[in-house]
Amino acid sequence: MSYSLVIHGGAGGFESGQFSPAEEKAYRSALNTALKAGEAVLANDGSAMDAITTAITLLEDSPLFNAGHGAVFNAAGEAELDASIMDGRDLNAGAVAGVKRTKSPIALARRVMEKSQHVMLHGRGADIYAEQQQLEMVENSYFHTEHRREQLKRAQERGAAVSLSKFGTVGAAARDRDGNLAAGTSTGGLTNKRYGRVGDSPIIGAGTYANNKSCAVSATGHGEFFIRATVARDICARMEFTGASLGDAARQVVMEQLVEMKGDGGIIAVDYRGNYTLTFNTNGMFRGSVQEGNVGTVGILRGDDAIFDEASETGR
Ligand code: ASP
């Protein structure tokens, strides 16, 4: 069997020309780095679980994306992070919500899955568990960047409850050479969100789902809608119960169901055969994809997926 890996760095209402060539190149380069690192795990016969953890950790560490360092601020001026992870072999899953001191929320979600008797921990209890598991702990200020502080200021000036122009959550889904699937998602949530608000990203079935019988999905978008539509599980369920292809199942949920509800965003997914889809109803989604035997591509706006070229001005 051959491997497949897809990643995202959030969907959004981008406009063409919104990013300078240097910014576009920085995004493409960061996506490409995460894609290549995850692919290296799969190419060395590593597991889908290890590949997605590797890719997501790199995206968390990048200040460009809304997860880990560079996460958005809530209305109280703090970072509150959510993450989840799922193993398609046995439907094992782990999730954390509202953590403030754990450097890598995806590492903590995985620890919850592998070492605790629970699926989901939240808030202080989740951070304390991270400490007990000897994960790396940081001050909340580690997550802060000037750019996100500006976004919060602008959102508060507009009086916006949440800023929806650009999401920026990160996630990955993979199939390994053993045919196992895994998916994970990590986020700071929405800019100016209410203290204590939890989005779809840490909710198994909404932001993340994986089942070897169907597919592995990671979502990004306006979480309230993704929770109500149980997006990730619905895509897998349509495959399993109606025999829909991955592409059709994703289209039905993202382009029909969510559009009808006015829920902006997108998903990345791989199925048990190694097919993949990158489906979004916004005009852009930071994304990358690779299948064994092909060179991976990264993209931002619709239809601009390209092999990353370090030497060119835009990275395309
Ligand atoms: N889905 C995330 C949330 O609502 C936001 C995002 O995808 O960027 O928390």
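The values are calculated or read from the model by the stated rules, or taken from the named source; none is laboratory data. Keep in mind that what you see is a predicted model, and the values were worked out from it rather than measured. Cβ sites come from the backbone with ideal geometry, for glycine too, and all protein chains shown count toward neighbours.
Quick notes
- Some residue of the range 228-251 being within 12 Å of the ligand (Cβ to nearest atom) and under 22 Å from Ile300 (Cα atoms): yes
- Just one residue in the set Ala130, Ala173 is within 16 Å of the ligand (Cβ to nearest atom) and at pLDDT 95 or above; that residue is Ala173.
- Extreme residue, surrounded by the most Cβ atoms within 10 Å (Cβ to Cβ), among residues of the range 184-201 that are within 12 Å of the ligand (Cβ to nearest atom) and within 16 Å of Leu59 (Cβ to Cβ): Thr185
- Conditions (1) under 16 Å from the mean Cα position of the chain (by Cα); (2) surrounded by 24 or more Cβ atoms within 10 Å (Cβ to Cβ); (3) not basic (Lys, Arg): number failed by His222: (2)
- Positions within the range 62-100 being crowded, with 24+ Cβ neighbours inside 10 Å, aliphatic (A, V, I, L, M) and either free of Cβ contacts under 8 Å to residues at least 40 places away in the same chain or in a loop (DSSP other than H, G, I, E, B) (or both), in sequence order: Ala67, Ala71, Val72, Ala79, Val99
- Against the test of being farther than 14 Å from Ala183 by Cβ and modelled with pLDDT of 95 or more, the options Thr314, Thr277, Thr230 yield a single qualifying residue, Thr230.
- Residue, nearest to the chain's Cα centre (by Cα), within the range 2-30, restricted to residues that are hydrophobic (A, V, I, L, M, F, W, C) and not in a strand (DSSP E or B): Ala30
- Residues of the range 28-61 that are within 15 Å of the ligand (Cβ to nearest atom) and surrounded by fewer than 21 Cβ atoms within 10 Å (Cβ to Cβ): none at all.
Per-residue answers, yes or no, for (1) in contact with a strand residue (DSSP E or B) (Cβ under 7 Å, 6 or more places away or on another chain); (2) within 26 Å of Ala216 (Cβ to Cβ):
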position	(1), (2)
Ala107	no, yes
Val112	yes, yes
Met120	yes, yes
Ala126	yes, yes
Gln133	no, yes
Met137	yes, no
His144	no, no
Gln156	no, no
Gly168	yes, yes
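- Selection count where residues are within 9 Å of the ligand (Cβ to nearest atom) and in contact with a Gly (Cβ under 6 Å, 6 or more places away or on another chain), scope the range 202-212: 0
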